[in-house]
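S.K.: Starting off with a structure, shown below.
The values are calculated or read from the model by the stated rules, or taken from the named source; none is laboratory data. Since this is a predicted model, take the numbers as computed values, not measurements. Virtual Cβ from ideal backbone geometry, glycine too; neighbours counted across all protein chains shown. For the accessible areas, the whole protein counts, side chains as well, though only heavy atoms, and no ligand, DNA or RNA atoms are used. Shrake-Rupley method; radii C 1.70, N 1.55, O 1.52, S 1.80 Å.
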Amino acid sequence: MPEIRVTPLGAGQDVGRSCILVSIAGKNVMLDCGMHMGFNDDRRFPDFSYITRNGRLTDFLDCVIISHFHLDHCGALPYFSEMVGYDGPIYMTHPTQAICPILLEDYRKIAVDKKGEANFFTSQMIKDCMKKVVAVHLHQTVQVDDELEIKAYYAGHVLGAAMFQIKVGSESVVYTGDYNMTPDRHLGAAWIDKCRPNLLITESTYATTIRDSKRCRERDFLKKVHEAVERGGKVLIPVFALGRAQELCILLETFWERMNLKAPIYFSTGLTEKANHYYKLFITWTNQKIRKTFVQRNMFEFKHIKAFDRAFADNPGPMVIMPGYCVQGTVGHKILSGQRKLEMEGRQVLEVKMQVEYMSFSAHADAKGIMQLVGQAEPESVLLVHGEAKKMEFLKQKIEQEFRVNCYMPANGETVTLPTSPSIPVGISLGLLKREMAQGLLPDAKKPRLLHGTLIMKDSNFRLVSSEQALKELGLAEHQLRFTCRVHLHDPRKEQETAMRVYSHLKSVLKDHCVQHLPDGSVTVESILIQAAAHSEDPGTKVLLVSWTYQDEELGSYLTSLLKKGLPQASS
Amino acid sequence: MEAAEDWLVESLRWYQDFHAFDLSGATRVLEWIGDKGVFVAEYESLKKNEILHLILPLRLSVKENQGLFPERDFKVCHGGFSDTSVFDLKHVPDTRLLVTTGLPGSYLHVWQITEDSDVIQAVSTIAVQEKEDSLWPRVAIFSSTTPGVLHGVRLSSLRVVDLESQKTTYTSGVSDSEELSSLQVLDTNTFAFCCASGRLGLVDIRQKWAPSESVSNGRGSPGAAGGRWCAEVGGKVRSPGPSVAILGSNGQLCLLDPRDLCHPVSSVQCLVSAPSPDPELLRVTWAPGLDNCLAISGFDGTVQVYDTTSWDGMGSQVEPLFTHRGHIFLEGNQTDTTPLVTTHTWHPHKPRTLLSAASDASLHVWDWVDMHASS
C-alpha cells in the first residue's frame with residue numbers, strides 16, 4: 001500500500017526522549033534514539049518492543065539516523081545497539097560522531113560511578129556502538145541501499161546538528177530533529193530547499209512560545225556580569241564546552257573592550273582545549289563570522305579571559321552564571337535548584353554564599369520559526385512531536401490554514417498513517433501517440449485526453465503501446481468478438497424494401513455516422529452490418545440481423561434499441 | 001546592526017530589565033487578564049487575524065529568587081482566528097469571555113477561551129446600532145454578575161447591551177452625533193467618554209443622560225486647538241490632584257479634576273514631533289504604581305513617561321522622565337520606515353514595568369530606571 005507510517009516511541013507529546021519510527025514504501029527507519037533525563041529506571045529508554053517483539057531489530061530496521069549529540073536524542077543508542085541488539089548502519093554527521101561518545105561516556109560515569117546504577121551500558125558498549133556509525137556530509141545524498149537514500153541539511157541549534165531527508169522513489173519524509181531559524185554568534189540558521197516532502201516531522205517543544213530576542217538575553221548576561229564587577233567581585237563561568245562557550249567569550253571580550261574594563265575573567269583550561277580542538281575539526285559547521293576570526297587568530301586567545309585557580313572559591317561576592325544544562329546529580333544542578341547548603345565528599349558541608357543567575361541561551365525554533373521552515377520545505381503534511389496535544393490545537397489550525405496541509409500530533413506509541421499517491425512513470429510508444437494525433441483534434445493542454453492502449457509491465461518497467469504492438473510482442477493472435485442481434489419488425493413487404501426503409505431511416509437519424517446501402521441489400525453503419533431477412537414462419541414479419549464487433553459495442557447497442565422502436569411509416 | 005548593539009550597551013544603565021519579542025503580526029491591543037497574562041490581536045484587513053492570550057515570561061512573574069528562573073519567553077496559552085481586523089479587545093472580568101471590535105464596524109464579536117484546549121472560539125456577535133463605513137465602535141465592559149457591553153461609534157449610538165440576553169439595558173438617548181474616541185468604565189454605574197474633538201464627560205447610567213462635561217471651547221481647553229483627542233481617567237485616588245488626562249494629536253496634554261471638567265488644572269506641550277501621523281493610535285495611561293506618573297505614545301516609535309507632580313499653568317513645555325526608544329533601535333523586520341508605537345500598557349503591580357507594541361510587530365517589556373530618583 002502506498003502509505004507512510006510514523007510512530008513516536010519517545011517524544012510525541014512528551015518532552016524528554018526523541019525516538020521516531022518511520023515506515024516509508026516498505027523501508028523502516030528509526031529517527032534518533034534518545035534518553036529521558038527525568039527518569040532513573042527503564043522509563044528513560046524508548047519502548048523498543050513496539051518495533052518487533054520476536055524478530056531481530058537488525059532485520060526489521062533499514063537504518064538508524066541520529067540528528068545531534070544531545071542526550072535526549074542519542075542517549076539510548078548504546079543500550080539500543082548493544083543491549084537490545086542492532087547491527088545495521090547508524091547515520092549521523094561528522095561532528096555528532098566525534099562528540100556523541102564523549103557525552104555518552106560522561107553520562108555513563110555519572111550514572112554508574114556517582115549514582116551506583118546497575119544494568120547500564122558500559123564504556124566498551126559505547127565504543128562498539130560507535131563502530132556501527134557511518135558519518136555523512138551536509139547535502140550529500142547517501143544510498144543506504146538500492147532504494148533508500150538520505151540527505152542531511154544544516155539545522156543550527158548545536159555543532160553538527162542536522163535535519164534529514166529520507167527518500168524512497170518519489171516518496172520522502174523530512175525529520176528536523178532540533179533546529180533554530182535565527183543565526184547566533186557561532187552557528188548559522190537552519191536551512192532547507194523546497195524539497196516538497198510528503199511529510200515534514202518537526203519538533204515543537206517551543207512551538208507555543210514567543211522567544212525573547214537573543215540580544216536581550218545577551219544584554220541581561222552582560223548586565224549581571226558588569227554589576228558583579230562594579231561591586232568588586234569576580235566572574236566565574238562554568239559552561240558546556242561545545243555550546244555557548246565560544247559565543248560568551250566573544251561577547252565578553254567585545255564588551256570589555258568597549259567599556260574599558262580591567263577585571264579578569266576566568267575560564268577552565270581543560271574546557272578551552274577541548275572546545276578549541278573540536279572547532280578546529282569542524283570549522284565549516286560554524287557560521288561565517290567565526291570562520292573569519294579563526295583565520296586571523298587562535299579562537300581562545302583573549303586579552304581578558306584567563307585560566308581559573310581554585311583558590312578563588314571562598315571569596316564572598318562572586319557570582320556564578322551557568323548557561324546551559326546541568327545534568328541531574330551534579331553540584332551545578334543542585335545550586336540551580338536553589339540549594340544553599342551542599343554536602344560534598346567526606347561529609348563536608350559548603351555554604352553557597354554567592355549570587356546565582358541561571359540563564360538560558362539554547363536555540364530552538366518557536367512558533368514563527370516553525371512556520372518559516374514549513375514555508376521553506378513545502379511539505380504535503382506536517383507532523384508535530386515533542387509537544388503537548390491540548391496546547392497545540394491552535395498551532396495545528398494555524399499550520400493547516402496557512403499552508404493548506406494536514407497537521408498530525410500523535411502520542412507516544414500512536415501510529416499515524418498517511419496515504420500517499422506515488423507517481424508511476426509510464427513510457428508511451430511513439431506509434432500510439434502518432435495514431436492519436438492522426439485522429440485529428442489537436443491536444444488541448446488543459447483537457448485530459450482519453451487514450452486506449454495496452455499496459456505492459458516488465459522488469460519494473462511500464463510501457464503503454466497499441467494493442468497490435470502488444471499482440472506482436474507477446475506473440476499472441478488477435479481474437480475478434482462479434483455480436484449479432486435479431487430485431488423483429490412488422491413489415492409485409494419484401495426484404496429488399498425493408499432494407500431500403502431501414503437505410504433511409506438510419507441515414508436521416510444518424511447524421512454523424514457513415515450509413516451505406518450495399519449492392520447486396522445490406523445496410524452498414526460504420527462497421528456494423530444490418531441485413532433484412534424474412535421470418536421463417538410469418539411472412540408479415542421481417543427479421544433484422546444486426547451484427548457488430550466488440551469495439552463497436554456502444555454503437556451496436558444503440559442501433560439495436562433504435563431499431564426496436566420500429567420504423568417510421570413510409571410515405572407512399 | 002552596529003547602532004542596535006551600541007544602544008543595547010547604553011541601555012544597561014537605563015533599564016533594569018528589557019525583553020524584546022517578534023509577534024507574527026503587529027497588534028493594537030495589549031489587554032491584561034489577571035497580572036500574568038495579556039491579549040494581543042492583529043489588525044490587518046483581508047486576512048485571518050490572530051488573537052493570542054500570552055502568559056508573561058516566568059522571570060517577570062516571580063517575586064523572589066528571580067535569578068533561578070531562566071525562562072524569558074512568552075507562552076502562547078490560547079489562540080484564535082478573526083476574519084475581521086481587531087482594533088480593541090476587552091476581557092470580561094471573572095469570565096472566560098472576550099469582546100473585540102474593529103473594521104468593518106457592524107458587529108462586536110464575543111469569544112470564549114475554551115477550557116480543555118488552547119483555542120479561542122467565536123461564540124456570538126452583538127449588532128451595532130448605526131453601521132458606519134470607516135468608523136469602529138469603542139467598547140468598555142460593565143462587570144457584574146450580568147456583564148454589560150458599553151459600546152458606540154457616536155454619542156447618539158452609545159448603549160449598554162447585556163452580554164447573555166443581548167438585550168439593551170441602557171441608551172444615551174441623545175441625537176448628538178459627535179464621534180467617540182474612548183470609553184472607560186469607572187465603577188458599576190459610571191463611565192467616562194472622550195470624543196475625538198476633545199469633549200469629555202462622566203455619565204451615571206442610573207440617570208437619564210446628564211453627564212458632567214467639559215466645555216469644548218474654553219481657553220486652554222482641549223478641542224479649542226483642534227486635532228484628535230483621547231483620554232484616560234486614573235484609577236487610584238492615592239494622592240490629591242487631577243486624575244483625568246487628555247492627549248491631543250498636536251502634542252498637547254491637559255489634566256483635569258473629575259469634579260470640574262470645565263476648568264483644566266494644567267495644560268502642557270509634550271516633547272513630541274507633532275502632529276501624530278496616526279491619531280487613532282494615541283494613547284495616554286496613568287501608572288498604577290507611581291504617583292502622578294503617566295505614559296503617552298502614538299506620535300513616533302517611542303513611549304514617554306511623564307511626572308505630572310509639579311505641573312501647573314497652561315502651555316508650558318515639559319520633558320519626559322523617561323523615553324523608551326527600543327522600537328526605533330531594535331527594528332525587528334529591518335524595513336525602511338521607522339516603526340510607530342501602536343499601544344502600550346503598565347504592569348499592574350511592578351511600578352516601572354511597561355509593555356509596548358509597534359507597527360513592525362515588535363513587543364517590548366521594559367523596566368526603566370528612574371535616573372532622577374536618589375539612589
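S.K.: Test B:T285 against the criterion of being in the same structural domain as B:T343 (by the TED database) and more than 17 Å from B:C230 (Cβ to Cβ), and give yes or no.
M.R.: no
S.K.: Let me ask another. Suppose we filter B:S124, B:S144 for residues that are over 22 Å from B:D260 (Cα atoms) and not in a strand (DSSP E or B); which single one remains?
M.R.: B:S144
S.K.: Only one residue in A:P422, A:P448 is open to solvent by less than 60 Å² (accessible area, probe 1.4 Å) and either touching a residue at least 60 places away in the same chain (Cβ under 8 Å) or outside the structural domain of A:V543 (by the TED database) (or both). Which one?
M.R.: It is A:P422.
S.K.: Looking at region A:164-173, is at least one residue within 14 Å of chain B (Cβ to nearest Cβ) and either surrounded by fewer than 24 Cβ atoms within 10 Å (Cβ to Cβ) or part of a strand (DSSP E or B) (or both)?
M.R.: No: region A:164-173 contains no residue that is within 14 Å of chain B (Cβ to nearest Cβ) and either surrounded by fewer than 24 Cβ atoms within 10 Å (Cβ to Cβ) or part of a strand (DSSP E or B) (or both).
S.K.: Continuing with this model, one more query. Can you work out which of the residues in region B:12-57 that are facing another protein chain (nearest Cβ under 8 Å) and assigned to a loop (DSSP other than H, G, I, E, B) is most open to solvent (accessible area, probe 1.4 Å)?
M.R.: Ranking the qualifying residues of region B:12-57, first place goes to B:K48.
S.K.: So B:G326 ticks every box in (1) under 15 Å from B:L247 (Cβ atoms); (2) at pLDDT 90 or above but one. Which box is left unticked?
M.R.: Unmet condition: (1).
S.K.: On to the next question. Which condition number does A:N119 fail, the rest of (1) assigned to a loop (DSSP other than H, G, I, E, B); (2) within 19 Å of the chain's Cα centre (by Cα) being met?
M.R.: A:N119 satisfies all of (1) assigned to a loop (DSSP other than H, G, I, E, B); (2) within 19 Å of the chain's Cα centre (by Cα) except (2).
S.K.: B:V284 - would you say it is among the hydrophobic types (A, V, I, L, M, F, W, C), assigned to a loop (DSSP other than H, G, I, E, B) and either loosely packed, with under 15 Cβ neighbours inside 10 Å or touching a residue at least 12 places away in the same chain (Cβ under 8 Å) (or both)?
M.R.: no
S.K.: B:D116 - would you say it is within 14 Å of chain A (Cβ to nearest Cβ), open to solvent by 50 Å² or more (accessible area, probe 1.4 Å) and within 21 Å of B:Y43 (Cβ to Cβ)?
M.R.: Considered against the rule, which asks whether it is within 14 Å of chain A (Cβ to nearest Cβ), open to solvent by 50 Å² or more (accessible area, probe 1.4 Å) and within 21 Å of B:Y43 (Cβ to Cβ), B:D116 comes out as no.
S.K.: Could you say which residue among B:D17, B:D35 is of a type in the set (D, E, K, R) and touching an Asp or Glu at 6+ places or on another chain (Cβ under 7 Å)?
M.R.: B:D17
S.K.: Counting only residues that are free of Cβ contacts under 8 Å to residues at least 40 places away in the same chain and acidic (D, E), which one in region B:157-207 is surrounded by the fewest Cβ atoms within 10 Å (Cβ to Cβ)?
M.R.: Looking at residues that are free of Cβ contacts under 8 Å to residues at least 40 places away in the same chain and acidic (D, E), I get B:D187.
S.K.: From the set of residues in region A:194-241 that are at the interface with chain B (Cβ under 8 Å from one of its Cβ atoms) and over 22 Å from B:D17 (Cα atoms), which is most open to solvent (accessible area, probe 1.4 Å)?
M.R.: Residue satisfying both the conditions and the ranking: A:Y206.
S.K.: While we're looking at this one, here's another question. Scan region A:366-411 for residues that are facing another protein chain (nearest Cβ under 10 Å) and outside any helix (DSSP H, G or I) and jot them down.
M.R.: Result: A:D366, A:E388.
S.K.: (1) outside any strand (DSSP E or B); (2) closer than 18 Å to B:G34 by Cα; (3) aromatic (F, W, Y): which one isn't true of B:W111, the others all being true?
M.R.: B:W111 satisfies every listed condition except (1).
S.K.: Looking at region A:508-525, which of its residues are in a strand (DSSP E or B) and either open to solvent by less than 60 Å² (accessible area, probe 1.4 Å) or under 14 Å from A:L544 (Cα atoms) (or both)?
M.R.: Listed by number, the residues that qualify are A:V515, A:V523, A:T524, A:V525.
S.K.: Can you find a residue in region A:354-361 that is at pLDDT 80 or above and in contact with a His (Cβ under 8 Å, 6 or more places away or on another chain)?
M.R.: For region A:354-361, residues at pLDDT 80 or above and in contact with a His (Cβ under 8 Å, 6 or more places away or on another chain): absent.
S.K.: Let me ask something additional. With a cut-off of at least 3 residues that are outside the structural domain of B:L103 (by the TED database) and not acidic (D, E), name the strands (runs of 3 or more DSSP E) lying wholly within region B:152-216.
M.R.: Result: B:180-185, B:190-195, B:200-204.
S.K.: Away from chain A (no Cβ under 14 Å) and in contact (Cβ under 8 Å) with a residue 40 or more places away in the chain: which single residue out of B:S82, B:S106, B:S124 fits that description?
M.R.: Exactly one residue qualifies, and that residue is B:S124.
S.K.: Next question, about the same structure. Name the pairs whose Cβ atoms lie under 8 Å apart, with the first residue in region A:456-484 and under 23 Å from A:P425 (Cα atoms), the second of a type in the set (D, E, K, R) and part of a loop (DSSP other than H, G, I, E, B), and 6 or more positions between them or separate chains?
M.R.: Once the first residue is under 23 Å from A:P425 (Cα atoms) and sits in region A:456-484, its partners that are of a type in the set (D, E, K, R) and part of a loop (DSSP other than H, G, I, E, B) give A:S467/A:E478; A:E468/A:E478; A:L471/A:E478.
S.K.: Does A:G188 satisfy being farther than 14 Å from A:I65 by Cβ, in contact with a strand residue (DSSP E or B) (Cβ under 9 Å, 6 or more places away or on another chain), open to solvent by less than 30 Å² (accessible area, probe 1.4 Å) and not assigned by the TED database to the domain that holds A:S67?
M.R.: no
Matching residues to (1) at pLDDT 80 or above; (2) assigned to a helix (DSSP H, G or I); (3) of a type outside the set (A, V, I, L, M, F, W, C):
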position	(1), (2), (3)
A:C195	yes, no, no
A:E218	yes, yes, yes
A:G233	no, no, yes
A:F255	yes, yes, no
A:R258	yes, yes, yes
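S.K.: Now for a different question. Within the set of pairs 6+ apart or on separate chains, which have a first residue in region A:328-348 that is closer than 16 Å to B:N65 by Cα, a second that is part of a loop (DSSP other than H, G, I, E, B) and of a type in the set (S, T, N, Q), and C-beta atoms under 8 Å apart?
M.R.: Qualifying pairs under 8 Å: A:G338/B:N65.
S.K.: While we're here: Let me confirm something: among B:V9, B:V92, B:V76, which residue is within 11 Å of chain A (Cβ to nearest Cβ) and farther than 30 Å from A:E227 by Cα?
M.R.: The conditions single out B:V76.
S.K.: Going by the structure shown, is B:V62 surrounded by fewer than 17 Cβ atoms within 10 Å (Cβ to Cβ) and within 13 Å of chain A (Cβ to nearest Cβ)?
M.R.: Yes: the conditions hold for B:V62.
S.K.: Also, quick follow-up: Can you name every residue in region A:451-483 that is farther than 26 Å from A:I528 by Cβ, part of a loop (DSSP other than H, G, I, E, B) and open to solvent by less than 70 Å² (accessible area, probe 1.4 Å)?
M.R.: A:G475 - this is the single residue of region A:451-483 that is farther than 26 Å from A:I528 by Cβ, part of a loop (DSSP other than H, G, I, E, B) and open to solvent by less than 70 Å² (accessible area, probe 1.4 Å).
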